[in-house]
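**Q** I have a structure here, written as structure tokens, and I will follow up with some questions on it.
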Amino acid sequence: MLKIRLNGVVQGVGFRPFIYRLARQLALKGWILNSSSGVEIAAQGTATALESFLARIPRELPPGARIQEMQVREEPDEYFRDFSIRSSRDSEGSTLVSPDLAICADCTRELFNHPDHRYRYPFINCTNCGPRYTIIENLPYDRPRTSMQFFPLCDFCGSEYLDPLNRRFHAQPVACADCGPQLALLDNNLNPVAGEPIAKTAALLKAGKIVAIKGIGGFHLACDPLQPEVVVKLRQLKNRPHKPFAVMCRPELAGELVRMTQEHIRTLSSPQAPILILPKQDIFPLAEEVAPGNPNLGIFFPYAPHHLLLMAEDIPWLIMTSGNLNNEPVAAEEHELQGLCDYFLSHNRPILNRCDDSVLLPTATGDIFLRRSRGYVPSPLPLPFGIRPTLGCGAELKLTFALGKGEQVFISPYLGNDNNKRTYNFYLETLHNFQRWFRIQPELMACDLQPDFFTTGLAEESGLPLVRVQHHFAHIASVMAEHRLNEPVLGVAYDGTGYGTDGAIWGGEILKVEYTGYQRLFHLQYLPLPGGDAAIRRPIRIAYAYALALGLDTALFSELTDMERVVIAKQVETGFNVFRTSSMGRLFDAVATMLGLFPEISFEAQSALALEFLCHDLPILDQPPYPCEIRDNDILIAPILSGLMEDIKRAKKKEQIAARFHRTIMDFTLQALQRARKTTGLTKVVLAGGVMQNKIIFTGLVRSLTENGFQVYTPGWLSPNDEAISLGQLVIANAMQRGR
Ligand code: ZN
Ligand code: ZN
Ligand code: FE
């Protein structure tokens, strides 16, 4: 007899019925049961059957299942009458929670199949699909500990739930129109609107209304992307002037909006159903206001049954943006959105754990996450070494935390992007749940060097041993952990903002890194950053300060008021209310504004994206770089900016200037790394930081460094942006504590 222990995502995903069917097919006897550390199987039969059993388990897994570890050992045979599913056993260790899964093909078929019991039922699901993480109150994952506790099973659903050969065997959210949650259409005062909710919602959307649609992990704000007036109205209400909106579209029509490969279609149709950022078609049928000035569009396929029902009402595509005020956490209750929409398409299944849509950016050198949430959270990630129970508190923007022990870490969903109370409440609530479910009580805290962050305060107040981790050190370490790089590497962190050990704002850093420490090898030359936030929003101030400090021609800055000139000149001269910065993000801001791209910025990375879009179809490596010079540890900015301003004066095309600027970054990065290789002997390079979301920089660096003999490691688990900081903090804190 074989005893098999499996862990990973093996509960709530149809794993036991899958094993049950497979065992019966192979005439095996024995049992399977859920334990709190995974599943256990006893299997007895012919040698050929057992061999085939072991081979087929990983190959034929249900779509939502994921095996992390499989231990097999031989034991003496016992007497079994048949193969059975035994009741759960509680033991030490923790169970994993499955992420939410997009509706599966079988349920989709039943949804539109007239005589089916769940024909047009908006909450149809089975063990292969449906909500998971977002409906959980406590573990082990069982209906009474989910938001389905309010919906007692009817006889029909109950019989399926208890039948091991049924696709809905122990599917905790199983429901039908007789016993499960219901949709309702509400007006802005939360009064019910008469009529069939789906058809009525479709009609309202076509009439140019904004409808907040309650989904799996939160609300979306939906409107018709063909009507510019309503798109503009939504932008005003959300206080989101430029940042692109995501569009949900019918799979068969997606090709009219964006250019896709088979690979992209597979990702879009996967159980994770993320948003993919893809290039728009040349003839773009939607309003320009959907993704203004942007050659790309974020699209996703309907992933909940009611999404499918809605799209079937002759709606080919729909703006579906997070239901929130710009940068705040996504809303799970109607009252939070009353000011932002005309109607609500809601339902009575509570969302217990909010989780935004995940976003992926495909590039020539692999997909990168821009946001890792629904469909991926809360699957744990394996660590390169065992750790104490630790909380990596994260930074401030693109906020996540990392909670781990042993060789596993759980990264929270994206929690918000602004320092406000709602984000912090969401943070604390999610942290509390993760600690409870995964049985991790931190003994060690890690936070950023920046003293003002909420997360820093939280770490300090805990009274636990605390390691403060430099921001870009954390960026690099998170990618090292993913690739299990237990050795010194070279790290390139091109980023917006991170507090440096010298009080300056870092962000253009080339470091030598190991988990226990780092050495700052090169950085962008320090330049004066006037007045913090005001300058980040109005980057012409930054450009002007840079030009003054570098002794460059300031004739270019005609948009500045006389007052601004006087104030900034005074600031640069006296150093009052001025930070020194080596930020790559701010250099992009300065260059974008010199090219007259926009005087005001409404979301971070806007200039880095705008410069990328200007030249994304030019052959970057054919452009001559601006002169770069590295002096000691400084990558000099003056030669670059003066070359660039020369081009502007000669009225060279903006596209070309942007291309040369990108090329220049690749050049000085390569130069600096070649020097670093000479002095350190290291050839492994890690790329990280928010600027790596710029596809030209990211793919260009991967290519040029690889061609020049470096081994390049890039973020695949988490975003290159600040979502990854928490993980980096967690591994560093442990390595440093152990090192002492
Ligand atoms: Zn299903
Ligand atoms: Zn039912
Ligand atoms: Fe950062």
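Rundown of residues vs (1) among the polar types (S, T, N, Q); (2) surrounded by fewer than 20 Cβ atoms within 10 Å (Cβ to Cβ); (3) more than 16 Å from ligand 3 (Cβ to nearest atom), yes/no style:
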residue	(1), (2), (3)
96	no, no, yes
104	no, no, yes
114	no, yes, yes
124	no, no, yes
137	no, yes, yes
166	yes, yes, yes
171	no, no, yes
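**Q** List the number of the failed condition for residue 368; all other conditions in (1) over 30 Å from residue 333 (Cβ atoms); (2) more than 16 Å from the chain's Cα centre (by Cα); (3) among the hydrophobic types (A, V, I, L, M, F, W, C) hold.
**A** If we test residue 368 against (1) over 30 Å from residue 333 (Cβ atoms); (2) more than 16 Å from the chain's Cα centre (by Cα); (3) among the hydrophobic types (A, V, I, L, M, F, W, C), just (2) comes out false.
**Q** Pairs only if they're at least six apart or on different chains, beta carbon under 8 angstrom, first in the range 569-586 and more than 26 Å from residue 493 (Cα to Cα), second hydrophobic (A, V, I, L, M, F, W, C) and outside any helix (DSSP H, G or I); list them, first residue then second.
**A** 570/576; 571/578; 572/578
**Q** Also, I was wondering about something else. If you scan the range 139-152, which residues turn out to be open to solvent by less than 10 Å² (accessible area, probe 1.4 Å) and either assigned to a loop (DSSP other than H, G, I, E, B) or hydrophobic (A, V, I, L, M, F, W, C) (or both)? Give the derivation first.
**A** Keep residues of the range 139-152 that are open to solvent by less than 10 Å² (accessible area, probe 1.4 Å), which gives 146-148.
Listed by number, the list holds a single entry, 148.
**Q** Select the strands (runs of 3 or more DSSP E) contained entirely in the range 489-586, then report the ones holding at least 3 residues which are at pLDDT 95 or above and buried (at least 20 other Cβ atoms within 10 Å of the Cβ).
**A** Values: elements: 489-499, 505-514, 517-524, 527-530, 578-581.
Those strands (runs of 3 or more DSSP E) span 489-499, 505-514, 517-524.
**Q** Continuing with the same structure: Going residue by residue through the range 79-90, is there one that turns out to be open to solvent by 20 Å² or more (accessible area, probe 1.4 Å) and within 15 Å of ligand 1 (Cβ to nearest atom)?
**A** No.
**Q** Might you let me know whether the range 180-195 holds any residue that is over 29 Å from residue 314 (Cβ atoms), under 30 Å from the mean Cα position of the chain (by Cα) and away from ligand 3 (no atom under 16 Å from the Cβ)?
**A** No: the range 180-195 contains no residue that is over 29 Å from residue 314 (Cβ atoms), under 30 Å from the mean Cα position of the chain (by Cα) and away from ligand 3 (no atom under 16 Å from the Cβ).
**Q** Determine whether the range 153-170 contains at least one residue that is in a loop (DSSP other than H, G, I, E, B), over 20 Å from residue 84 (Cα atoms) and in contact (Cβ under 8 Å) with a residue 40 or more places away in the chain. Show your work before the answer.
**A** So the first thing to find is which residues in the range 153-170 are in a loop (DSSP other than H, G, I, E, B), and the list is 153-154, 162-170.
If we keep only those that are over 20 Å from residue 84 (Cα atoms) too, we end up with 153-154.
Now restrict to residues that are in contact (Cβ under 8 Å) with a residue 40 or more places away in the chain: none.
No, the range 153-170 has no match at all.
**Q** Go through the range 385-403 and give me each residue that's part of a loop (DSSP other than H, G, I, E, B) and either within 16 Å of ligand 2 (Cβ to nearest atom) or open to solvent by less than 10 Å² (accessible area, probe 1.4 Å) (or both). Before the answer, list the steps.
**A** Within the range 385-403, the first condition is being part of a loop (DSSP other than H, G, I, E, B), and the residues that meet it are 393-401.
Those that are part of a loop (DSSP other than H, G, I, E, B) and either within 16 Å of ligand 2 (Cβ to nearest atom) or open to solvent by less than 10 Å² (accessible area, probe 1.4 Å) (or both): 393, 394, 395, 399, 400, 401.
**Q** Also, quick follow-up: Could you tell me which numbered condition residue 619 fails, if it satisfies all but one of (1) within 26 Å of residue 499 (Cα to Cα); (2) exposed (fewer than 13 other Cβ atoms within 10 Å of the Cβ)?
**A** (1)
Each row is one residue, and each column tells you yes or no for (1) surrounded by fewer than 22 Cβ atoms within 10 Å (Cβ to Cβ); (2) among the polar types (S, T, N, Q); (3) in a helix (DSSP H, G or I).
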position	(1), (2), (3)
640	no, no, yes
648	yes, no, yes
656	yes, yes, yes
659	no, no, yes
666	yes, no, yes
671	yes, yes, yes
679	yes, yes, yes
685	no, no, no
701	no, no, yes
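The values are calculated or read from the model by the stated rules, or taken from the named source; none is laboratory data. Keep in mind that this is a model prediction, so the values were computed, not measured. Reconstructed Cβ throughout: ideal geometry from the backbone, glycine too, with neighbour counts over all protein chains shown. Heads up: the accessible areas ignore ligands, DNA and RNA and are worked out on the full protein's heavy atoms, side chains in. Shrake-Rupley method; radii C 1.70, N 1.55, O 1.52, S 1.80 Å.
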